1. Is it the case that VAL189 is farther than 19 Å from ALA296 by Cα, in contact (Cβ under 8 Å) with a residue 24 or more places away in the chain, within 15 Å of the ligand (Cβ to nearest atom) and of a type outside the set (Ser, Thr, Tyr)?
2. Checking the conditions here, which among TYR233, TYR245 is aromatic (Phe, Trp, Tyr), within 25 Å of VAL46 (Cβ to Cβ) and touching a residue at least 40 places away in the same chain (Cβ under 8 Å)?
3. Collect the residues in the stretch 158-181 that are within 12 Å of the ligand (Cβ to nearest atom) and in a strand (DSSP E or B), keeping them in residue-number order.
4. Which residue out of GLU215, GLU222 is modelled with pLDDT of 95 or more, surrounded by fewer than 19 Cβ atoms within 10 Å (Cβ to Cβ), more than 18 Å from GLY65 (Cα to Cα) and touching a Gly at 6+ places or on another chain (Cβ under 9 Å)?
5. Here are some residues: THR251, THR292. Which one is within 16 Å of the ligand (Cβ to nearest atom), in a helix (DSSP H, G or I) and modelled with pLDDT of 95 or more?
6. Please name all residue pairs, on different chains or six or more residues apart, with Cβ atoms under 7 Å, provided the first residue is in the stretch 166-184 and is in contact (Cβ under 8 Å) with a residue 12 or more places away in the chain and the second residue is of a type in the set (Val, Ile, Thr) and within 13 Å of the ligand (Cβ to nearest atom).
Amino acid sequence: MNGLYEERRIVSAVWQPQMPSYLSGLFAHPGGFFSSDASYADARVVILGAPMDWTTSFRPGTRFGPRKIREVADGLEEYSLAVGRSLDRKSYVDIGDLILPLGNVEGSLQVIEHAMRTVVQDGKRPLLLGGEHLVSYPALQAVVSRYGGDLAVVHLDAHADLRDSFFGERLSHATVLRRICEIDDRIEVYQFGIRSGVAEEVEYARQRTHLFPLEILDPMREALPSLKGRPVYLTFDIDVVDPAYAPGTGTPEPGGCSAREALAAVAMLGQLDLVGADLVEVSPEDDPSGRTAILAAKIIRELLIFMGNPVASAAAGLAE
Ligand SMILES: [Mn+2]
């Protein structure tokens, strides 16, 4: 540690996110991920939390994800050996968690979309902390409103999330990628690491997405070069990682990648123009060790380095 730990705590006690008035009424819990030095006006990347778990089908608890990820981030260094670069604390700001109407799915999605749309229209790159995976749907609605059909979506997950409905609900964390596909027919969706789904989803994927089952690194090496130069949105479900490394999630699925492979995958994404990203499904109550949230925080750190500074991507190949 380099003295930063104490500095962070002091800063987070007095720090104000300096949100513009058109956003400030939407947020509770001031942010403070890695104690950024930027104001909202100056930041290139904007971190925000969506503490929602209203449609979680198995173990609830992802509403506590954003808070836990911030808490454990205090234990990480600012420098990434995989990237060969430090966080630029002037490049990002953490504006805290959205105030969402408890149990109200559509109302919550509206709040998330409004906040994300505002951030994107302000020319910034959002980094959304879930929450359950359904939060990615309004996030993508907002991002598509700016980038249109040229957008590609990279989806890392144990689950295909392509059902048309789940227990009668069209808005569910089990249908979220299906809803995203429906926003605009031109959006290309690349799914990696998928190891759970039903036949209906695989059939839909054949028609509509690029689905790569089980593995992440080899298919990413194959598919990502074609995405260079295009705007890319990343949706990272922590349950793509094996429950041995990331037990703190609501619907764990054995047979996933290691933490190291997940970080190597993130490093590869640094080659792309990430215009927005989310990290979802961290459920701290299921993991007293905290390792899931620590992995999530490290992934966020790497994403911040890439998204905060486009030059950083040049070093990304090192980590493969
Ligand atoms: Mn999942």
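The values are calculated or read from the model by the stated rules, or taken from the named source; none is laboratory data. Small disclaimer: the values here were computed from a predicted structure and weren't measured. Neighbour counts are summed over all protein chains in view; Cβ atoms, including those assigned to glycine, are modelled from backbone coordinates with ideal geometry.
1. Considered against the rule, which asks whether it is farther than 19 Å from ALA296 by Cα, in contact (Cβ under 8 Å) with a residue 24 or more places away in the chain, within 15 Å of the ligand (Cβ to nearest atom) and of a type outside the set (Ser, Thr, Tyr), VAL189 comes out as yes.
2. Numbers: TYR245 fails: within 25 Å of VAL46 (Cβ to Cβ).
Just a single option satisfies the conditions, and that option is TYR233.
3. Answer for the stretch 158-181, where residues must be within 12 Å of the ligand (Cβ to nearest atom) and in a strand (DSSP E or B): just HIS159.
4. Working: GLU222 fails: touching a Gly at 6+ places or on another chain (Cβ under 9 Å).
Just a single option satisfies the conditions, and that option is GLU215.
5. Values: THR251 fails: in a helix (DSSP H, G or I).
Being within 16 Å of the ligand (Cβ to nearest atom), in a helix (DSSP H, G or I) and modelled with pLDDT of 95 or more holds for just one of THR251, THR292, which is THR292.
6. Correct list of pairs: PHE166/THR175; GLU169/THR55; LEU171/THR55; SER172/THR55; HIS173/THR55; HIS173/THR56.
Condition check ((1) away from the ligand (no atom under 14 Å from the Cβ); (2) not basic (Lys, Arg)) across all residues:
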position: MET220; (1), (2): yes, yes
position: VAL232; (1), (2): yes, yes
position: VAL241; (1), (2): no, yes
position: GLY255; (1), (2): no, yes
position: ARG260; (1), (2): yes, no
position: LEU269; (1), (2): yes, yes
position: LEU274; (1), (2): yes, yes
